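One structure is given here, and the rest of the page talks about it.
The values are calculated or read from the model by the stated rules, or taken from the named source; none is laboratory data. Small disclaimer: the values here were computed from a predicted structure and weren't measured. Glycine gets a Cβ as well: all are built from the backbone with ideal geometry, and neighbour counts include every protein chain shown. SASA here: full protein model, heavy atoms, side chains in, ligands and nucleic acids out. Shrake-Rupley method; radii C 1.70, N 1.55, O 1.52, S 1.80 Å.
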Amino acid sequence: VQLQASGGGLVQAGGSLRLSCAASGRTFSNYSMAWFRQAPGKEREYVAAIDAWSGPNRYYANSILGRFAISKDNSRNTMYLQMNTLKPEDTAVYYCAAYDIPYYYSTARPAYWGQGTLVTVSS
């Protein structure tokens, strides 16, 4: 499956952005998916994940809990990350990923990666 992330940009602290991850190539609805991010000089870190058929099964890193929301529209082959109350420490390249499993678990490894989209939050 091919993943294409978009929606990044420059925003002031306290603002919002919505990232999109468009998928193609295979049955999108069968994949659990996730967002990761990598800040300058830091390792890539997990942000949020969602099961293949979404519903109530969403998972979040503590650092963004209550501010970000992950969603998945299987009819549009697209995953989203709504980011609210952005902070300068949210500045990073955001990557979307897909797993070859329908139900996400924390030790699973993504099978596919998108190319990343840069989010910059100014103070």
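The table below gives the values:
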{"quantity": "Residue among Y60, Y80, Y104 that is touching a residue at least 60 places away in the same chain (Cβ under 8 Å) and in contact with a Phe, Trp or Tyr (Cβ under 7 Å, 6 or more places away or on another chain)", "calculated": "Y104"}
{"quantity": "Residue in the stretch 33-40 that is open to solvent by 50 Å² or more (accessible area, probe 1.4 Å) and within 18 Å of W113 (Cα to Cα) present", "calculated": "yes"}
{"quantity": "Qualifying residue in the stretch 42-56 (condition: touching a Gly at 6+ places or on another chain (Cβ under 9 Å) and not hydroxyl-bearing (S, T, Y))", "calculated": "no"}
{"quantity": "Condition broken by S24, with the remaining ones in (1) loosely packed, with under 13 Cβ neighbours inside 10 Å; (2) in contact (Cβ under 8 Å) with a residue 60 or more places away in the chain; (3) touching a strand residue (DSSP E or B) at 6+ places or on another chain (Cβ under 6 Å) satisfied", "calculated": "(2)"}
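Here's the yes/no breakdown for (1) in contact with a helix residue (DSSP H, G or I) (Cβ under 8 Å, 6 or more places away or on another chain); (2) among the polar types (S, T, N, Q); (3) at pLDDT below 95:
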site: R44; (1), (2), (3): no, no, no
site: N62; (1), (2), (3): no, yes, no
site: I70; (1), (2), (3): no, no, no
site: T85; (1), (2), (3): no, yes, no
site: Y103; (1), (2), (3): no, no, yes
site: T120; (1), (2), (3): no, yes, no
site: S123; (1), (2), (3): yes, yes, yes
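Quick grid of which residues meet (1) open to solvent by less than 60 Å² (accessible area, probe 1.4 Å); (2) in a loop (DSSP other than H, G, I, E, B):
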residue: K42; (1), (2): no, yes
residue: I70; (1), (2): yes, no
residue: R76; (1), (2): no, yes
residue: M79; (1), (2): yes, no
residue: T85; (1), (2): no, yes
residue: A97; (1), (2): yes, no
residue: P102; (1), (2): yes, yes
residue: Q115; (1), (2): no, yes
residue: V121; (1), (2): yes, no
